[in-house]
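First comes the structure, then the notes that go with it.
The values are calculated or read from the model by the stated rules, or taken from the named source; none is laboratory data. None of these values were measured; they are calculated from a predicted model. Using ideal geometry, Cβ is built from the backbone for each residue, glycine included, and neighbour counts are taken over all protein chains shown. Each accessible area value is taken on the protein alone, full model and side chains, heavy atoms only, with ligands, DNA and RNA left out. Shrake-Rupley method; radii C 1.70, N 1.55, O 1.52, S 1.80 Å.
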Amino acid sequence: MPSVVKKTLGGLASLKLTVALFAMGIFIVLAGTVAQIDKGIWTVVHEYFRCYIARIDLKIFFPRAWDVPGYFYFPGGWLIGAALMINIVSAHAARFKPNARGPRLGLGLLFLAGGSLLTWLIIIGVFTKEIAATEGDAFWRVLVRLAQGGGAAVLLLIGCGLVFRKRAGIVLLHGGVILLLVHEVFTGMAATEGQMRIEAGEYVNFTYDSRSVEFAIIDREHPEFDDTVVVPGSILARVGSIKDKLLPFDIEVLEFMKNSSFANVAEAAHGWVNPATVGNGLVAMSVEQPEVSGVDPTQTVNVPAAYLKLTGRDGRDLGTYLAHLAIPSLPKQTISIGGKTYDLDLRFTRSYKPYSIQLLEFRHDKYIGTDTPKNFSARVRLIDKNRNVDRVVKIWMNNPLRYAGETFYQSSFEPGENLTILQVVRNDGWMLPYLSCMIVGTGLATHFGMNLIGFLRRRKAE
Amino acid sequence: MKGPSRLLPVLAVVASLGWLGSRVSSPGDSVGEMKVREFGRLPLVYQGRVKPFDTLARNSLLIISDRQTFVDDDGNRQPAIKWLLDVISNSPAAGDHKVFRIENLQLQAALGLEPRKRYRYAWNEFLQKLGDVDPQIAEAARKDQAERDLFDVKLLEFSSKTQHYSLLAEAHSVPRIDLDSENAHLQFAHAKERFHMIDRQGLVHSIPPLAAGQQWRSFIGAVFEAFVTPDPSPALRPLAGMFQARREGDAAAFNSELARYQVLLATSPPADPDVLSFEAMFNHLEPFYSCSVLYVIAFLLGCIAWLGWSEALNRMAFWLMVCIFGLHTAAIAARIYISGYPPITNLYGTAVFIGWGCVGLGLILETIYRFGIGNLLASVAGFLTLLIAHFLAGDGDTLIMMQAVLDTKFWLATHVVVINFGYAATFFAGLLGILFIFRGVFTRALSHQMEKTFGRMLYGVVCFAMLLSFVGTVLGGLWADDSWGRFWGWDPKENGALMIVLWNALILHARWGGMIKTRGFAVLAVFGNIVTAWSWFGVNQLGVGLHSYGFTDSTTTWLLAFVASQLCIIVVGLTPKKLWRSVRATDRAFGELRG
C-alpha cells in the first residue's frame, strides 16, 4: 500500500476520531432532546438529526425564562453518522486483517457469504408472511423475527471466527452497527406515514397525511368512480394564478393560510372586507394563526385555509370561495359549470391504496373506576380484490396489522364517536433493527465472553 | 480463616434471619376486640386494581400523613387500617386522629393551628377554618405552575389531602334522606347529584361482584341502587353493618358481620383471597424497609473491615449481603405475584430493580475478588436506591395498572428489565470509579496492584453495561416497531438510553485507543452516573413524550444536586496524581527502598 493511502486510512481509522465522534453524537442527541421542549419531534428530527449541519440555539440549554440569545453551528446527525461509518470501515480495512489462509479462509468466506445472503433475504422479506395479522402473541412474533436475525448472526459469527479468529466478535458487532446506521438513513429518506380515519361501517381506501393539504375538485357524475383533480397545497401556498387544462376553471389564490381558526363573519373586525363572494365564506371566515410546530404532545395539527377566486374558461367570474377543511357545521361546497356539478374540497393530502378497510367495531375499555385506558381495539375487515384477500382482523394497542409492506396501528380515536384512526406506516427496511440487534448482541457477547473466560482462567492460574 | 472467626458469617446469617423472623410474627387481632386486621384483608378496587383494604389504608395515610401508621391519643402507634376504618365508617373518632401533616407555618396560621412537634393535626382541629382557605386554594389552583409560590404549593397539597380524606368518607356514607318528609324526592335528587359529582373523581369500589355479569361498585353507588332495586347487592348489608358496629364501638356485632361477609365472599370469591392475604402480609412486613436497615449494617461491617480483621469481617458482610439480596429478590418476586406484571411498571419499580441489579453485581465482584469492595458498593447502592424508591412511593400505590399503550407484559419483561439492568451496571461502574478516586486521593490503600485490579473491575463492568444498554435500547426500538411500525422516533427517553450506549462505547474505545488509563476510566465512569441519571430522571422533567411518567419539582433540585456532586468528584479525580495520598505513600516507600 502506498504510504499516503496508509496514512490517510490510519487517520480515518483512528480511535481518537471514534471517541470524538461519540462525544459529538452524545452532544447532538442531548441538544435534540432539550430542543423538544419548544419544538415538535418532527421539526427537531429534521433540524438536528436528519441533516448535515445543525443550527443550535443557545437558549435550549437554559431555563426558557432567561431567554439566552445566540446560536452556533454543529455537525448534524447525518454528518456524524457518515463520519462514523467511514471510521468503522477504515478501521477494519486498516487493522483487521484476515487471520486465515487456504481452506480455512475459503470456508470462512463461504459462511460470510451465506450469512450475508440470509441477511439480505430477511431484509427483503422472504420470510415474512403477507398478512402478519394480530392474532399471535407479541412474544412469538418478535421471537420469530429475532430468531431470523439470530440465524444470520450465527452464520456470520462462524464466518468471522474462521477468518478473523480472536477478533470475530468485534468485526461482527461493527457490521451490525453499520446495519443500524443504514436503517436510520433509509428510514429518513424512504419511510412514509399516513392516517386512516374510518367510521363504523365505512370503507376507506386511502390514507391522509395531516402535515400537508390538497385542493380537490371532484366530479361525481359517474356511478362507478369519482373523477378528481387535485391541486397540491404547495402550489396553493405560492399564491397566484393556477391554470391547467385538467382543471374546469382557472384559480387565483388570493390568500393562503398554513394554520387558521374559524370564526363567524359577524365577529369580523370593523372594516374587514370579506374576500368570499359565494359559498361558506359568506357565513364563516378563516383567521390566520401561528404555525403548530411539528407534532406536539397535544397532537394538534395545522388547519390550513385559502381564499380562491375562480374564473371560468370563458372568462366569467365564478366567485371567490373560502376553501377550508371539512367541519360538520358547514355544508359541502359545490360549483356548477356547463351543466356539471363539482365538489370543492380542501383536504389533507391523500394517497389511495389498492385495498380497503372497513371498521366493524371500535372498543375503548377503561380500568374500573378510573379514566386510565385499558385497551383500544378495532375489529376491521380487510379487502383486497387483486390479491383475493377478504378477512376480519383485530388491531389493538401493541398489536398492529402488517399487510402489503405497511403497518396499521391503532393510533387515536375521537371521544364519543364510533370511529378509529389508524396510523399507516411504510418502512421497507423494518427488519434491519431485528437483524442488527441480534448481530451486535452476538458480537458483543462473543467478544466480552471471550475476554471474561480468558480473565477467569488467568485468575485461576494465579 | 481459622478458629472462632469462621463462625462470623454463620452469625451474620442467623442474626439477620432471626431479626426478620421477629418481624414476620404479626400481632393478630386480640380476642374480644374488633378483628380489624382481618377486615384489612377484604377486597376492593381502587385505581383499577383489586387490593385489600389494608393497602388502601396505608397508601391513603402515606398521602395524608407521610407515614403508614399513626399515633393515637394515648401515644401508642396504631396501624393505618384502624384509622381507615374510622374514616370510612364515618365514626366520630375519625375527626380526632392527628394524621394531617401540615408543616408549613403560614398554612398552620391560616388554619388557626399552633406549631407542634411532628406537625400532625386532626380534621376537627381545622374544620372550622376550612371555609376560610377555600378561596385561597381556588386562587392557587388558577395560577400557572410557574407562578405558584411555596404557600400556593402547600395549599394545593393540603387541598388534595383533605379531598382524598373526604372522598374516602363520602364513598362509604349512607345519605340521610327523611323518607317521611314532604321533600324526600328533593333530598334524594340532591344526594344523587352529589354522588354523581364525587363518582367522577374516582371512588373506591368496595362492593364486589358476587354473581356473573355484575361489576365492582362503590359503596355509595350500591346504596343508591338499593333505593330503586328490590334486591341490592348482598355485600352491602354486612359492610354497612360493620361500619355501624364500628361507629357504636360494638366489637361483637362487628365481628359477626365480618364473619358473615367472609362467608359470602368465600362462596363466590371476586378476587383470589390468597393474593389479598399475601398483599396484606407483604404490606405488614415492609421487606424493602428491612432490606435498607440491613444494608446499612452490612455497610458498617464493610467499613470496619477496612480498619482491621478484614478477612473475617468481609466474609461476614458478604454472607449478610447474600441474605439481604435473597430478601430483596423475594420482595421483587412478591410484587410480581401481587400485581401480575413484570417487576418494573413505574419509577418506583425501577429504583427497586436497579438497586437489586447493583447488589447482584457487587456480590459477583465479591466472589471473584474477595476484598470487600463488592460488599461495600453493593450495600451503598442497595441502600441509596431503596431510599430513592421510598421518596418515589410518596404518592400512594406503587403497584399500578398500566395504561393501554404500555400494557404489554412481553415488552415490560424484556426491554424494560434489560434497560434497567443496563442502568444498574452503568451506575455500578460509576460507584467503582468514585471508590477508586476516594481511595487513591484520601487514603494510602491504593497500591499499584490494587489500581490494576480496579482497572479490570471497571473494564468488566462497563463491558457488561455496554452489552445490556445496547440490547435494552434496541429492544425498546423493536417494541416501537412491533407496536407502531416505527423503530426509532427520537423520543426523549429513547435519546436518553442512546446516550448511555454512546457513553459506554466512548469509554471503551478511549481505553482501547490508549487515550485513558485506570484513572481516566474511573473519571469517565463517574460521568456515566450523570448520563444515566439524565436518562432515568432528567428526561422525565422535560414533560414531553410517551415515556415521561410525570414529576415533582423537588426531583429537579435533587437531580441538579446529584450532578453537582458527581462533577465535584470528577474534579477531585482530576487532581494531579502526585497529590494523591496513595501515590505519595508508594513514592515514599520506593524512596525508602532506594535510600
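Worth pointing out:
- All of A:100, A:82 fail the test of being away from chain B (no Cβ under 13 Å) and part of a helix (DSSP H, G or I), apart from A:82.
- Residue match in the stretch A:215-229 (condition: of a type in the set (Gly, Ala, Ser), outside the structural domain of residue A:385 (by TED's automatic domain parsing), more than 30 Å from residue A:412 (Cβ to Cβ) and in a strand (DSSP E or B)): no
- Failed item, numbered, when residue A:273 is tested on (1) in contact with a Pro (Cβ under 9 Å, 6 or more places away or on another chain); (2) open to solvent by 70 Å² or more (accessible area, probe 1.4 Å); (3) at negative phi: (1)
- Search result, residues across the stretch B:214-230 that are more than 14 Å from chain A (Cβ to nearest Cβ) and touching a helix residue (DSSP H, G or I) at 6+ places or on another chain (Cβ under 9 Å): B:223, B:224, B:225, B:226, B:227
- With respect to the conditions (1) open to solvent by less than 60 Å² (accessible area, probe 1.4 Å); (2) in the same structural domain as residue A:155 (by TED's automatic domain parsing); (3) under 25 Å from the mean Cα position of the chain (by Cα); (4) modelled with pLDDT of 85 or more, residue A:77 lacks only one, and its number is (2).
- Restricting the stretch A:42-57 to residues that are open to solvent by 20 Å² or more (accessible area, probe 1.4 Å), in contact (Cβ under 8 Å) with a residue 60 or more places away in the chain and in a helix (DSSP H, G or I), the residue that is farthest from the other protein chains (Cβ to nearest Cβ) is A:43.
- So residue B:414, is it open to solvent by less than 40 Å² (accessible area, probe 1.4 Å), closer than 20 Å to residue B:491 by Cβ and in contact with a strand residue (DSSP E or B) (Cβ under 9 Å, 6 or more places away or on another chain): no
- Qualifying residue in the stretch A:423-440 (condition: open to solvent by 10 Å² or more (accessible area, probe 1.4 Å), farther than 30 Å from residue B:505 by Cα and out of contact with any Cys (no Cβ under 9 Å at 6 or more places or on another chain)): yes
- Total residues in the stretch B:257-272 satisfying the condition of being open to solvent by less than 70 Å² (accessible area, probe 1.4 Å) and either part of a helix (DSSP H, G or I) or of a type in the set (Phe, Trp, Tyr) (or both): the figure is 7.
- Pairs where the first residue, in the stretch B:149-168, is over 19 Å from residue B:60 (Cβ atoms) and the second is of a type in the set (Val, Ile, Thr), C-beta under 7 Å, 6+ apart: B:155/B:133; B:155/B:137
- Residue match in the stretch B:3-25 (condition: within 21 Å of residue B:243 (Cβ to Cβ) and part of a helix (DSSP H, G or I)): no
- Of A:16, A:39, all but one fail to be of a type in the set (D, E, K, R), open to solvent by 40 Å² or more (accessible area, probe 1.4 Å) and either at pLDDT 95 or above or outside any loop (DSSP other than H, G, I, E, B) (or both); the exception is A:16.
- Members of the stretch B:507-530 found to be part of a helix (DSSP H, G or I), aliphatic (A, V, I, L, M) and open to solvent by 10 Å² or more (accessible area, probe 1.4 Å), listed by number: B:523, B:524, B:530
- One residue stands out among those in the stretch B:490-506 that are of a type outside the set (A, V, I, L, M, F, W, C) and open to solvent by less than 10 Å² (accessible area, probe 1.4 Å): the one that is farthest from the other protein chains (Cβ to nearest Cβ), which is B:504.
- None of B:487, B:470 is at the interface with chain A (Cβ under 10 Å from one of its Cβ atoms), open to solvent by less than 30 Å² (accessible area, probe 1.4 Å) and not in a helix (DSSP H, G or I) except B:487.
- Checking each residue in the stretch B:566-583 for being part of a helix (DSSP H, G or I) and without any contact (Cβ under 8 Å) to a residue 12 or more places away in the chain picks out B:568, B:571, B:578.
Residues checked against (1) over 25 Å from the mean Cα position of the chain (by Cα); (2) among the small types (Gly, Ala, Ser); (3) open to solvent by 70 Å² or more (accessible area, probe 1.4 Å):
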site: B:114; (1), (2), (3): yes, no, yes
site: B:117; (1), (2), (3): yes, no, yes
site: B:128; (1), (2), (3): yes, no, yes
site: B:145; (1), (2), (3): yes, no, yes
site: B:154; (1), (2), (3): no, no, no
site: B:157; (1), (2), (3): no, no, yes
site: B:173; (1), (2), (3): yes, yes, no
site: B:182; (1), (2), (3): yes, no, yes
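- When B:257, B:225 are screened for being closer than 21 Å to residue B:31 by Cα and out of contact with any strand residue (DSSP E or B) (no Cβ under 6 Å at 6 or more places or on another chain), only B:257 passes.
- Those residues of the stretch A:414-438 which are in contact with a Ser or Thr (Cβ under 8 Å, 6 or more places away or on another chain) and either within 11 Å of another protein chain (Cβ to nearest Cβ) or among the aromatic types (Phe, Trp, Tyr) (or both), in sequence order: A:422, A:423, A:424, A:425, A:426, A:427, A:429, A:430, A:431, A:435
- Check on residue B:218, of a type in the set (S, T, N, Q) and open to solvent by 50 Å² or more (accessible area, probe 1.4 Å): no
- Just so you know, in the stretch A:180-202 the residues that are part of a strand (DSSP E or B) and charged (D, E, K, R) include one that is nearest to the other protein chains (Cβ to nearest Cβ), and it is A:193.
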